[in-house]
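Trainee: First the structure, then my questions, so here it is.
Each reported figure results from applying straightforward, stated rules to the coordinates on display, with no laboratory input. All of these numbers come straight from a predicted model, not from anything done at the bench. Positions of Cβ are backbone-derived with ideal geometry, glycine not excepted, and every protein chain shown enters the neighbour counts.
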Amino acid sequence: MPLMYTSTRSSSSPSAVSSTFATAISSGYAPDSGLYVPQSLPLFSPGDLLAMSGQSYPSLAYSVLRRFIDVGEIPNEDLREITSRTYEKFEFPAEAVTVVQPSSSPSSAFPPNAYVAELFNGPTNCFKDLGQLGLINLLKYFCTKRKRRQTLLVS
């Protein structure tokens, strides 16, 4: 059974709104004006997380997205191509997100075990590159598959 998406406003009856991933991201909002969320969350075992820890960012994105998108909607090779294309314009595609440990000098506001994720490695040096490029490539995939156009406004 493919992973289905429901509306945040359908909490009393999650099956009241039931959509595929393609419908969910192409629609924006559910028919009841709620946001789409998975009806159930896929599980990641400690072994899964350990295996993913050594992956490049595009490979990691593929591994996570694969759990949220049914293979019948986007076959493996197509999803790999989408995640690869999404991050190819980043300065260092394999490291789209870098995690750094800020200085822990006595004058620093950060505790010694603090880490910061840098999300500005995309083509526009903006954190939005990380999610919106992926969204745009997924929408482009579904529009091409359905032979239709869609306008996306972003800010």
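Trainee: Nearest 10 degrees is fine. How inclined is helix 57-68 to the longest principal axis of the chain, computing both from alpha carbons?
Mentor: The helix 57-68 is inclined about 30 degrees to the chain.
Trainee: Which one, Leu139, Leu119, Leu49, projects farthest toward the positive side of the charge dipole computed for the chain from Cβ point charges (K/R +1, D/E -1)?
Mentor: Among Leu139, Leu119, Leu49, the one farthest towards the positive end of the dipole of the chain is Leu139.
Trainee: Pairing the Cα long axis of helix 128-146 with the longest principal axis of the chain, what angle in degrees results, from 0 to 90 and rounded to the nearest 10?
Mentor: With rounding to tens, the tilt is 30 degrees.
Trainee: Can you run phi through the Karplus equation (6.51, -1.76, 1.60; θ = phi - 60°) for segment 21-34 and list ³J(HN,Hα) in whole Hz, with x for Gly and Pro?
Mentor: 4, 4, 5, 4, 7, 7, 8, x, 10, 6, x, 8, 6, x
Trainee: Once a ≥ b ≥ c are taken as the square roots of the eigenvalues of the Cα gyration tensor of segment 48-89, is the result rounded (a/c under 1.5), prolate (a/b larger than b/c) or oblate (a/b not larger than b/c)?
Mentor: Numbers: a/c = 2.74, a/b = 1.17, b/c = 2.34.
Oblate.
Trainee: For segment 85-152, rounded, prolate or oblate, judged on the Cα gyration tensor with a ≥ b ≥ c (square roots of eigenvalues), a/c < 1.5 rounded, else prolate if a/b > b/c?
Mentor: On the way: a/c = 4.17, a/b = 3.36, b/c = 1.24.
Prolate.
Trainee: With +1 on the Cβ of every Lys and Arg and -1 on the Cβ of every Asp and Glu, and nothing else charged, how large is the dipole of segment 1-92 about its Cα centre, in debye rounded to the nearest 20? It would help to have the intermediate numbers written out before the result.
Mentor: On the way: 6 positive and 9 negative charges, 38 e Å.
That gives segment 1-92 a dipole magnitude of about 180 debye.
Trainee: Against the empirical 2.2 N^0.38 Å scaling, what ratio does the C-alpha Rg of the chain come to?
Mentor: Details: Rg = 18.1 Å, N = 155, 2.2 N^0.38 = 15.0 Å.
So the Cα radius of gyration is 1.21 times the expected 2.2 N^0.38 Å.
Trainee: I want to check the label-to-label distance for Arg146 and Asn125. Put each point 7 Å from Cα in the C-beta direction and report it in nm to one decimal.
Mentor: Inter-label distance under the simple model: 3.7 nm.
Trainee: Moving on to the next point. Rank Phe44, Phe90, Phe142 by mean-square fluctuation in a GNM of the chain with C-alpha springs under 10 angstrom and give only the top-ranked residue.
Mentor: Its mean-square fluctuation being the largest, the pick is Phe44.
Trainee: Using a/c under 1.5 as the rounded threshold, could you call segment 54-124 rounded, prolate or oblate? The axes a ≥ b ≥ c are square roots of the C-alpha gyration tensor eigenvalues, and prolate needs a/b larger than b/c, oblate otherwise.
Mentor: Values: a/c = 4.04, a/b = 2.35, b/c = 1.72.
It is prolate, given that a/c is not under 1.5 and a/b is the larger ratio.
Trainee: Of Pro111, Pro58, Pro46, which has the largest mean-square fluctuation in a 10 Å C-alpha GNM of the chain?
Mentor: In this elastic network of the chain, the residue with the biggest mean-square fluctuation among Pro111, Pro58, Pro46 is Pro111.
Trainee: Report ³J(HN,Hα) in whole Hz for each residue of segment 90-98, in order, from the Karplus equation J = 6.51 cos²θ - 1.76 cosθ + 1.60 where θ = phi - 60°; Gly and Pro get x.
Mentor: For segment 90-98, the Karplus curve yields 6, 4, 10, x, 5, 10, 4, 10, 10 Hz.
Trainee: If the cut-off is a Cα-Cα distance under 16 Å, which aspartates and glutamates reach Lys89, setting aside same-chain residues fewer than 8 apart in sequence?
Mentor: Glu81, Asp129
Trainee: Given a Förster distance of 35 angstrom, what is the FRET efficiency for Glu81 paired with Val116, based on the Cβ-Cβ distance and rounded to 0.05?
Mentor: On the way: r = 31 Å, r/R0 = 0.89.
Computed FRET efficiency for Glu81 and Val116 comes out at 0.70.
Trainee: Out of residues 5 or more away from Leu3 or on other chains, whose amide H comes under 5 Å of its own, with H placed 1.01 Å from N in the peptide plane?
Mentor: Under 5 Å from the amide H of Leu3: Asp70.
Trainee: For the chain, find the longest principal axis of its Cα atoms and tell me its angle to the long axis of helix 76-87, 0 to 90°, nearest 10.
Mentor: With rounding to tens, the tilt is 50 degrees.
Trainee: Would you mind working out the magnitude of the charge dipole of the chain relative to its Cα centre, with +1 at each Lys and Arg C-beta and -1 at each Asp and Glu C-beta, to the nearest 20 Debye? Walk me through the numbers on the way to the answer.
Mentor: On the way: 13 positive and 12 negative charges, 123 e Å.
Computed about the Cα centre, the dipole is about 600 debye.
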